[in-house]
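Let me begin by presenting the structure, written as structure tokens, before commenting on it.
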């Protein structure tokens with residue numbers, strides 16, 4: 001399945017074309033059970049251990065709607081500034097694919113639960129872009145295929161496939177934007193920021209784990225190009241080109257990169273006098289490319305019809321208002337409030353947001369650390385560790401309470417910066433709380449003046465030339481003695497105190 | 001009156017993965033047209049004050065609490081599968097068909 005890959009440089013493409021995009025974000029809800037049956041929804045369970053006759057599509061099984069899923073969908077709809085339909089219904093979307101046990105997916109079609117909303121998306125430089133939401137509808141997730149045989153593990157060349165239906169039937173809300181146009185060179189950035197904002201919103205609502213790497217938040221990105229109008233020509237008169245729909249875009253970085261890739265690919269096709277095929281494409285993280293899937297025109301007919309096994313959903317005004325009352329502060333407002341209270345610069349704040357560290361820093365501050373020290377740990381040593389290990393900050397063994405405790409040890413002088421890093425190493429290795437690591441590894445700063453003075457005398461005796469210099473009033477020579485003492489105490493001395501003691505010994509002032 | 005053409009039937013048959021002969025296509029096109037026309041008579045008596053319905057039972061909001069019920073278990077789930085491997089259902093090669 002190869003096609004010639006000619007990419008036009010994105011900047012060059014943007015001189016000739018204006019990109020338009022639309023995004024479908026699938027948010028997997030974190031309900032305890034599936035959308036239409038009581039099967040559990042734990043991620044990573046053994047295959048086909050969370051299935052029952054309903055989600056396996058066995059004959060005679062009847063679906064029953066999960067009330068919590070409806071509640072989550074309404075809250076998400078409200079947070080997206082949508083109208084909530086006073087009456088909505090489910091529909092069957094018919095297609096044949098082995099990850100779909102029933103040969104249809106229960107979804108919503110003509111009567112989605114939420115529609116006509118918007119989401120304000122803040123870009124890195126503070127610009128706010130309003131993205132219009134067409135609809136948010138409920139549906140069930142499909143199972144997972146593993147393709148066996150062939151070299152790549154991909155569908156092409158596979159000899160057969162294996163299916164796990166644990167994910168089949170987990171509730172999803174699919175959020176569909178209206179077409180976003182006129183963003184020019186910021187197109188990819190806006191798309192990325194939009195998905196990030198949806199993620200933050202779903203997280204703040206507590207309705208989803210929103211882990212893109214586990215597939216609990218997935219994006220399909222539609223992109224098409226419109227040629228720029230010639231001088232004097234009406235831009236709106238220029239027709240929008242055919243669109244591609246890129247599936248499997250499962251990280252924020254991939255949203256941005258896949259859009260840039262599609263801009264370059266479509267521009268090259270159009271500039272060479274070719275045409276864009278309306279089709280589904282797949283994003284490949286490893287090669288940063290999209291490859292064609294099936295052609296859209298062939299399979300678009302899903303023969304939707306109202307799901308006869310389910311009754312309409314008609315939330316009362318009272319219920320909707322009650323749920324509106326449970327909406328959290330919007331992620332953007334929260335960011336502004338936290339930045340002000342922490343006194344971070346725009347850059348510091350942006351780094352913390354991008355590293356997904358806000359909650360961790362907030363909890364660390366709540367546990368007693370200053371905002372500056374919380375940032376120092378989470379964005380410094382801990383961010384480096386997470387990066388090296390290829391995990392998220394939140395997945396590290398260190399908790400905000402432990403980080404606050406560690407900073408407390410530094411502030412009280414019980415450990416110095418160098419020792420604190422060793423303590424953190426112990427905490428990350430699962431050796432216990434900072435206090436426990438200090439005790440177990442014997443990392444406390446030596447603050448016993450007697451022990452320090454003995455070490456100082458030893459150092460002076462070993463370096464008589466240095467001792468003579470200090471005696472002559474050369475204050476800076478004391479550094480060599482401090483260094484020797486630090487070495488002798490394996491870094492466990494308080495360097496400032498050692499220096500003070502050395503100078504006092506010779507009747508000097510620092 | 002509406003009418004179902006032979007092409008419509010052929011397309012539906014393809015979407016539904018039903019292999020129909022030429023004779024069957026012709027016969028079904030005629031039969032389906034008769035059925036659709038019969039159903040269409042309903043719209044002649046439907047007036048704007050009659051709401052469209054997709055369900056005969058006048059009920060809404062039939063929900064279930066979000067409480068786990070024991071699943072089948074892997075062995076029972078796979079018991080009737082024509083083929084299984086590593087706890088998964090084994091299916092034939094998938095050719096160029098995706099959702």
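Just so you know, all these numbers are worked out from the coordinates, no wet-lab data involved. None of the values given here were measured: they were computed from a predicted structure. Please note: Cβ atoms are built from the backbone with ideal geometry, for glycine as well, and neighbour counts cover all protein chains shown.
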*Evaluate the distance, in nm, between pseudo-label points positioned 7 Å from the Cα of residue A:16 and of residue A:440 along their respective Cα→Cβ axes.*
6.3
_Cα long-axis angle, helix A:67-79 against chain A (0 to 90 degrees, to the nearest 10)_ = 80
_Output the 0 to 90 degree angle, nearest 10, between the alpha-carbon long axis of helix A:252-271 and the longest principal axis computed from the alpha carbons of chain A._
50
*Only residues of the stretch A:60-99 count here: report those whose backbone N is under 19 Å from the spot 7 Å along Cα→Cβ of residue B:53, or say none.*
A:87-91
*In nm, to one decimal, how far is the residue A:67 label point from the residue A:392 one, both placed 7 Å along Cα→Cβ?*
3.0
*Counting other C-beta atoms within 10 Å, which of A:350, A:199, A:257, A:490 has the fewest, and how do the rest follow?*
A:490, A:350, A:257, A:199
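To the nearest 500 deg cm²/dmol, what mean residue ellipticity at 222 nm is calculated for the protein assembly as shown from DSSP H runs of n ≥ 4 alone, each contributing -39,500 (n - 2.57), summed and divided by the residues?
The helix-only estimate for the protein assembly as shown comes to -11000 deg cm²/dmol at 222 nm.
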*Cα-only radius of gyration and Dmax that characterise the protein assembly as shown, units Å*: 31.9, 116
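Based on other C-beta atoms within 10 Å, arrange A:309, A:110, A:494 from fewest to most.
Numbers: A:309 14, A:110 11, A:494 20.
Lowest count first: A:110, A:309, A:494.
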*Using all Cα-Cα distances in the stretch A:10-299, what percent lands in each 10 angstrom bin from 0 up to the longest?*
6, 26, 33, 24, 9, 2, 0
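Count, for each residue of A:48-55, the Cβ atoms from other chains sitting within 10 Å of its Cβ, then give me the mean as a whole number.
On the way: counts 14, 7, 6, 7, 7, 4, 1, 3.
Average neighbour count from other chains, rounded to a whole number: 6.
What ranking do A:134, A:307, A:392 get, fewest neighbouring Cβ atoms within 10 angstrom at the top?
Values: A:134 17, A:307 22, A:392 14.
Arranged by neighbour count, lowest to highest, A:134, A:307, A:392 become A:392, A:134, A:307.
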*In Å, what is the Rg of the alpha-carbon atoms in the stretch A:449-505, and how long is Dmax?*
10.0, 29
*What is the Cα coordinate range of the stretch A:320-405 on the first, second and third principal axes, sorted by size from largest, in whole angstrom?*
45, 25, 24
*Over the Cα atoms of the stretch B:1-81, what Rg and Dmax result, in angstrom?*
21.3, 54
*Measuring from a point 7 Å past the Cα of residue A:125 along Cα-to-C-beta, which residues in the stretch A:242-278 have an amide N at less than 20 Å?*
A:256-257, A:260
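Pairwise over distinct Cα atoms, reciprocal of the mean inverse distance: report the Kirkwood radius of the stretch A:407-510 in Å, one decimal place.
Details: mean 1/r = 0.0691 Å⁻¹.
After inverting the pairwise mean of 1/r, the radius is 14.5 Å.
Using r as the Cβ-Cβ distance of residue B:79 and residue A:32, and R0 as 25 Å, what FRET efficiency do you calculate, to the nearest 0.05? If you can, show how the numbers build up before the last one.
Details: r = 26 Å, r/R0 = 1.05.
Plugging the Cβ-Cβ distance into 1/(1 + (r/R0)^6) gives 0.45.
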*If the chain between residue A:453 and residue A:345 were fully stretched, how many nm would it gain, using 0.36 nm times the residue separation less the Cα-Cα distance?*
34.5 nm
*Over chain A, relative contact order from alpha-carbon pairs under 8 Å, at least 6 apart, %*: 14
*Report, to the nearest 10°, how far helix B:6-15 tilts away from the longest principal axis of the Cα atoms in chain B, using its own Cα long axis and a range of 0 to 90°.*
10
*How crowded by other chains is B:73-85, given as the mean number of beta carbons from other chains within 10 Å of each beta carbon?*
4
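Work out the FRET efficiency for residue B:27 and residue A:278 from their Cβ-Cβ distance, taking R0 = 25 Å, and round it to the nearest 0.05. Intermediate results must be reported in sequence, preceding the final value.
On the way: r = 35 Å, r/R0 = 1.39.
Working from the Cβ atoms, E equals 0.10.
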*What is the gain in length, in nm to one decimal, between residue A:468 and residue A:401 on full extension, counting 0.36 nm per residue of separation less the C-alpha to C-alpha distance?*
19.3 nm
